[in-house]
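Following: one structure in structure tokens, then a few remarks.
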Amino acid sequence: MEHYIVYWPQDIVNNLKKAGDKGPIKVVYGSIHSRMPSIASVKEGDIVYPVTLIKKQFYVMARLPVEHKEAAFDYLMRELGEEHGALLPDNIAMEHNVNGRITYWTGECKSYNSRSAVPEGMRIVTLDEQKEKPHQEHQVPFNCCSKFAVWGTKGSSICPRLIPDERIPTMMFGPKGKERPLTMKNGLILTSSLTATRRMTEETAEIFEKIFAAEK
């Protein structure tokens, strides 16, 4: 089992607050863009902690034990009923209605003007299948091109939990044998040091775990 942090930008945290989404956290996404970094390294059985910076202070927002990992598209279609900009699998064509005109789009950004023109072997996801389901705000990816979703049923509530300043220099992240502290300047964490999914050492994981243990 490994422990990872993933970054939630402050505007996303603000959106969750406005929506009244206090969890429990159900899912974390990874994309091909730095705003929502890849979670390719995260596996079932790992624990993911979304973190953020609020007024330049470091907070952990939630704790999600990973029970399942799958393509974001599959999770979104099943749980939310819409693909929400997820990367499409190679065998999928999405039916769209644009101003009354029906087209079919694939993950390669190719479009077809009729069902018969869609290449043989591709599954067409019809408009009837794309029906939005009730969901929490955090279940919608905050960036396009989400690739993976990790999810579970034992997530914590979503709220900012302050990481004490004196703990930050002792925390180490990175691949085994190459762990390093977060990059700081003038005593503050640089946002750029958080725009990647980072594995934490066992000692660092204990700091995070104690925060959530206090809530039980």
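The values are calculated or read from the model by the stated rules, or taken from the named source; none is laboratory data. Not measured: the values here are computed from a predicted model. Ideal geometry is used to build each Cβ from the backbone, glycine not excepted, and the neighbour counts take in all protein chains shown. Surface accessibility is based on the protein's heavy atoms, side chains included, excluding ligands, DNA and RNA. Shrake-Rupley method; radii C 1.70, N 1.55, O 1.52, S 1.80 Å.
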field: Test set (1) without any contact (Cβ under 8 Å) to a residue 12 or more places away in the chain; (2) hydroxyl-bearing (Ser, Thr, Tyr); (3) in contact with a Lys or Arg (Cβ under 8 Å, 6 or more places away or on another chain) - Ser111 fails condition number
entry: (3)
query: Under the condition of being among the hydroxyl-bearing types (Ser, Thr, Tyr) and in a loop (DSSP other than H, G, I, E, B), which residue from segment 135-167 is nearest to Arg63 (Cα to Cα)?
result: Ser156
Scope segment 193-216; condition closer than 21 Å to Val42 by Cβ, of a type outside the set (Phe, Trp, Tyr) and in a helix (DSSP H, G or I); matching residues: Ser193, Glu202, Glu203, Thr204, Ala205, Glu206, Ile207, Glu209, Ile211
message: Quick check on segment 21-35. Is at least one of its residues farther than 28 Å from Met94 by Cβ and either under 13 Å from the mean Cα position of the chain (by Cα) or of a type in the set (Gly, Ala, Ser) (or both)?
response: yes
- request: Name every residue in segment 183-216 that is over 22 Å from Pro24 (Cβ atoms), open to solvent by less than 60 Å² (accessible area, probe 1.4 Å) and in contact (Cβ under 8 Å) with a residue 24 or more places away in the chain, in order of residue number.
  value: Ile189, Leu194, Thr195, Ala196, Arg199, Thr201, Thr204
message: Any residue that is at pLDDT 95 or above, aliphatic (A, V, I, L, M) and open to solvent by less than 30 Å² (accessible area, probe 1.4 Å) - is there at least one of those in segment 126-148?
response: no
query: If you take the residues in segment 46-104 that are of a type in the set (Val, Ile, Thr) and over 30 Å from Glu202 (Cα atoms), which one is surrounded by the most Cβ atoms within 10 Å (Cβ to Cβ)?
result: Ile92
- line: With criteria (1) under 23 Å from Gly45 (Cβ atoms); (2) part of a loop (DSSP other than H, G, I, E, B); (3) charged (D, E, K, R), Glu132 comes up short on (1)
